[in-house]
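Below is one structure, written out as structure tokens; comments come after it.
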Amino acid sequence: MLSETRVPIASAFDIVTARQQGRSLAKELGFENAEMTLIAAAISEVSRNIVEYAGHGVIIFQPPNNGARRGLSVIAQDKGPGIPDIAKAMQYGYSSRRGLGVGLPGAKLLMDDFDIVSKAGDGTTVTMKKWLHNAK
Ligand SMILES: Nc1ncnc2c1ncn2[C@@H]1O[C@H](COP(=O)(O)OP(=O)(O)OP(=O)(O)O)[C@@H](O)[C@H]1O
Ligand SMILES: [Mg+2]
């Protein structure tokens, strides 16, 4: 991965594209199959949240800027309504829309690092990272 790859998200179809792109970048970086599957599942959840709550946004794939450590960063960004209470949104089972409420806490479990920056009315940025353990 040279610098970054951006996948615009506005429909269910784009979620599939983001998953596939994430899998193929993860493979290229040296992740094993099982980890590629975890990463793809996390990408699904944050992409689906973009479509459901913000309408549209973008998934950005980057090599994390953390010295010698190698891995994959997945940034889900939208300019939607934002999340008024992040702690609440991160609770397992909390949904503002009769969802299962497992998307965000699930994505956090699947990845190594997980961070949300959001303000009501000002969009949402979810940054997730998976580190390579089998450094070659
Ligand atoms: N990009 C976003 N913009 C605005 N609100 C969001 C966004 N992502 C999540 N939320 C808020 O956080 C809550 C929890 O999200 P989470 O993905 O965990 O559950 P859900 O989407 O409600 O249900 P599930 O993902 O299990 O179908 C959502 O109900 C919504 O209120
Ligand atoms: Mg969700």
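Under 7 Å between Cβ atoms, at least 6 apart or on separate chains: pull out the pairs that start in region 22-46 with a residue that is among the polar types (S, T, N, Q) and end on any residue that is part of a helix (DSSP H, G or I) and surrounded by 15 or more Cβ atoms within 10 Å (Cβ to Cβ).
From region 22-46, the pairs are S44/I15; S44/R19.
Could you tell me which residue of region 120-136 is surrounded by the fewest Cβ atoms within 10 Å (Cβ to Cβ), considering only residues that are polar (S, T, N, Q) and under 16 Å from A76 (Cα atoms)?
Across region 120-136, the extreme among qualifying residues is T125.
Mind checking which residues of region 120-136 are farther than 21 Å from Y53 by Cα and polar (S, T, N, Q)?
N134
Can you tell me which residue is surrounded by the fewest Cβ atoms within 10 Å (Cβ to Cβ) among those in region 77-119 that are farther than 13 Å from N49 by Cα and among the polar types (S, T, N, Q)?
By that ranking, first place goes to Q91.
I'd like the residue in region 60-108 that is small (G, A, S) and not in a loop (DSSP other than H, G, I, E, B) and, out of all such residues, is nearest to ligand 2 (Cβ to nearest atom).
Once the filter is applied, the top-ranked residue is G103.
Please work out which residue is nearest to G123 (Cα to Cα), limiting yourself to region 41-57 and to residues that are away from ligand 2 (no atom under 11 Å from the Cβ) and buried (at least 19 other Cβ atoms within 10 Å of the Cβ). Steps first, please.
Narrowing region 41-57 to residues away from ligand 2 (no atom under 11 Å from the Cβ): 41-43, 54-57.
Now narrow it down to the ones that are buried (at least 19 other Cβ atoms within 10 Å of the Cβ): 42-43, 54, 57.
Numbers: A42: 19, I43: 18, A54: 8, G57: 9 Å.
Filtering first and then ranking leaves A54.
Select from region 114-136 the residues that are without any contact (Cβ under 8 Å) to a residue 24 or more places away in the chain and either farther than 17 Å from A40 by Cβ or within 12 Å of ligand 2 (Cβ to nearest atom) (or both) and list them in ascending order.
D115, V117, H133 - these are the residues of region 114-136 that are without any contact (Cβ under 8 Å) to a residue 24 or more places away in the chain and either farther than 17 Å from A40 by Cβ or within 12 Å of ligand 2 (Cβ to nearest atom) (or both).
Taking interchain pairs and intrachain pairs at least six residues apart, which have beta carbon atoms under 6 angstrom, with the first residue in region 53-64 and free of Cβ contacts under 8 Å to residues at least 24 places away in the same chain and away from ligand 1 (no atom under 16 Å from the Cβ) and the second basic (K, R) and outside any loop (DSSP other than H, G, I, E, B)?
none
Computed from the coordinates by the stated procedures, all read-outs in this text should not be read as laboratory data. Just so it is clear, the structure is predicted and the values come from calculations on it, not from any experiment. No Cβ is skipped: glycine too gets one built from the backbone with ideal geometry, and neighbour counts run over all protein chains shown.
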